[in-house]
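Following: one structure in structure tokens, then a few remarks.
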Amino acid sequence: MSEESFLSDDFLSQLISVGDVDLLVGISSHNGQGKVGQFAPAVEEGLLRNFRRERIALVHMDAGSKNETEGPVLTESAMGKQGGIESLRTLRWITTNSETAASPDTILRTMVTAADLLHAKACAVIAPSAEGAIPARVESLLLPIYRENYDFVAPLYAHQKYDALLTRNLLYPICRTLYGKPLRELRAAEFGFSGRLAAHCLARGEWQNDGWRGGAEMWMAITAISNSFRCAQTYLGEKSRAASNAGVVEAIRRTVGGLFWCLESTQSFWLKGAAAEPLHTIGPEHQLTNKALRVERKKLFQMYRSGIADLSQILASILDAGTCAELVRLAALEENAFQLSNSLWVRTIYEFAAAYHHSVINRDHLVQAFVPIYRGRVYSVLAEHRSADPDEVEADQENLCREFETQKDFFFERWKTKGQGAS
């Protein structure tokens, strides 16, 4: 099936009418009428500040909204004239609708296909929940690609010290350890990519795979890293904490399942032992704040306890006996004595990833069995960092990354050979 057939006839017709462009920007919305109306002009302003001589197309993907969201985009937008700056070439809006809420993989696939059809040189996806200096975000993601020939640009954000714990405790250390790149936001809702990378991704056959659907954004980043495309990351400021209907189980299923699938699909690259290399970073590499964030720690501990008890047989089929026994031992402790250490956390992740590779049980069930362990890790981190300042939290992050590196040989061996729990 050609990628063009993935698009609706109306959307394809709009793309054809636009012709070739230099820049392509995508935004999505879902029941966000007022938000989109304010968002679109700010995106245009970001483009016109630096690219008024370029041919530009903007794609609005309405993700299953029950109200009218196209109208505010097109009527409140000045169509190529924002902040007293007017486009000297073409600036066109293209819209597409879906009956159900568009997932990140659908958004990415739409943008990659549109980029290829329009022969775009530089592309960016901007998160609909983005707040603050939206024009600056557009510039930051596109300029390194269009002016400096980078192929993939990931965002960097300022986080509260309790925020983005799955990213900071799993995705970032794995990317740094196995792929040799200290990319802080491996799974991001906004990023930039070149037309070259889009064409490369489009030529691959992963689009129909369930694992790809869970980790599409990670897949593009890892594809760029593992195929020698030029990568960078750029600071975008504070990340919005938009409300999400997805619970922890769904977040783990998509994120951890997507990561394990990416490891599977790129094993020929990282098993060779990717050398650690610096990543071009624009702005601060990391920024943590002490901004208040309420978290129910007691509930996390209780759910860890019950989850370990309920899943004891499944965990025994995934993990080595010693690892499983240690997780069970921790569940019997009182709250103030509980600590899921870096060493145990890293070993558990590596054993889960290897068990996924060997398909010791149904892969979806395996990933879901990781949920209580993640809750235990979050409880442990929250308790440990309760009085820590941002510098101390970052020092702990470095210690965690070193632990991933220390246990890498163990992971390689487990990946190649089933462990004792994989029976």
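The values are calculated or read from the model by the stated rules, or taken from the named source; none is laboratory data. Remember, it's a predicted structure, so these values are computed and weren't measured experimentally. All Cβ positions, glycine included, derive from the backbone under ideal geometry; neighbour counts span all protein chains shown.
Things worth noting here:
- All positions within region 350-398 that are small (Gly, Ala, Ser) and out of contact with any helix residue (DSSP H, G or I) (no Cβ under 9 Å at 6 or more places or on another chain): Ser387, Ala395
- Taking residues in region 270-286 that are touching a residue at least 40 places away in the same chain (Cβ under 8 Å), and partners anywhere that are basic (Lys, Arg) and in a loop (DSSP other than H, G, I, E, B), the pairs with Cβ atoms closer than 6 Å and at least 6 places apart or on different chains are Leu279/Lys181.
- Criterion applied to Val360, Val393, Val367 was being at pLDDT below 95 and in contact with a Lys or Arg (Cβ under 8 Å, 6 or more places away or on another chain), and the one residue passing it is Val393.
- Of all the criteria given as (1) surrounded by 15 or more Cβ atoms within 10 Å (Cβ to Cβ); (2) at pLDDT below 85, the one not satisfied by Ala242 is (1).
- Arg92, sole failed condition from (1) under 30 Å from Arg347 (Cβ atoms); (2) over 16 Å from the mean Cα position of the chain (by Cα); (3) charged (D, E, K, R): (1)
- Restricting region 255-291 to residues that are of a type in the set (Ser, Thr, Tyr) and over 17 Å from Glu238 (Cβ atoms), the residue that is farthest from the chain's Cα centre (by Cα): Ser268
- Those residues of region 189-221 which are free of Cβ contacts under 8 Å to residues at least 40 places away in the same chain, part of a loop (DSSP other than H, G, I, E, B) and either of a type outside the set (A, V, I, L, M, F, W, C) or buried (at least 23 other Cβ atoms within 10 Å of the Cβ) (or both), in sequence order: Arg204, Gly205, Gln208
- Residue match in region 279-295 (condition: modelled with pLDDT under 95, surrounded by fewer than 15 Cβ atoms within 10 Å (Cβ to Cβ), among the hydroxyl-bearing types (Ser, Thr, Tyr) and assigned by TED's automatic domain parsing to the domain that holds Ala154): no
- As a summary of the residue check, Glu326 satisfies the conditions (1) surrounded by 13 or more Cβ atoms within 10 Å (Cβ to Cβ); (2) in a loop (DSSP other than H, G, I, E, B); (3) without any contact (Cβ under 8 Å) to a residue 24 or more places away in the chain except for the one numbered (2).
- Some residue of region 371-388 being surrounded by fewer than 16 Cβ atoms within 10 Å (Cβ to Cβ) and either modelled with pLDDT of 95 or more or farther than 15 Å from Phe301 by Cβ (or both): yes
- Just one of (1) within 22 Å of the chain's Cα centre (by Cα); (2) of a type in the set (Val, Ile, Thr); (3) part of a helix (DSSP H, G or I); (4) surrounded by fewer than 19 Cβ atoms within 10 Å (Cβ to Cβ) fails for Ile314. It is (1).
- Ser98 vs. criteria touching a Pro at 6+ places or on another chain (Cβ under 6 Å), in the same structural domain as Phe193 (by TED's automatic domain parsing) and either modelled with pLDDT under 80 or closer than 30 Å to Glu206 by Cβ (or both): no
- Residue that is nearest to the chain's Cα centre (by Cα) [pool: residues in region 140-175 that are among the charged types (D, E, K, R) and surrounded by fewer than 20 Cβ atoms within 10 Å (Cβ to Cβ)]: Asp163
- Residue in region 159-179 that is outside any helix (DSSP H, G or I), touching a residue at least 12 places away in the same chain (Cβ under 8 Å) and either of a type in the set (A, V, I, L, M) or outside the structural domain of Val248 (by TED's automatic domain parsing) (or both) present: yes
- The residue that is surrounded by the fewest Cβ atoms within 10 Å (Cβ to Cβ), counting only those in region 337-350 that are without any contact (Cβ under 8 Å) to a residue 40 or more places away in the chain and in a helix (DSSP H, G or I), is Ala337.
- Within region 351-371, being outside any helix (DSSP H, G or I) and under 21 Å from the mean Cα position of the chain (by Cα) holds for one residue alone: Phe370.
- Lone unmet requirement of (1) modelled with pLDDT of 70 or more; (2) more than 20 Å from Ala198 (Cα to Cα); (3) of a type in the set (Val, Ile, Thr) for Ile16: (2)
- Exactly one residue out of Glu392, Glu413, Glu405 is more than 17 Å from Ala331 (Cα to Cα), part of a helix (DSSP H, G or I) and in contact (Cβ under 8 Å) with a residue 12 or more places away in the chain, and it is Glu405.
- Condition check for Gly211: in the same structural domain as Pro104 (by TED's automatic domain parsing), at pLDDT below 95, more than 21 Å from Asp22 (Cα to Cα) and touching a helix residue (DSSP H, G or I) at 6+ places or on another chain (Cβ under 7 Å): yes
- Among the conditions (1) closer than 16 Å to Leu330 by Cβ; (2) surrounded by fewer than 21 Cβ atoms within 10 Å (Cβ to Cβ), the only one that Asp364 does not satisfy is (1).
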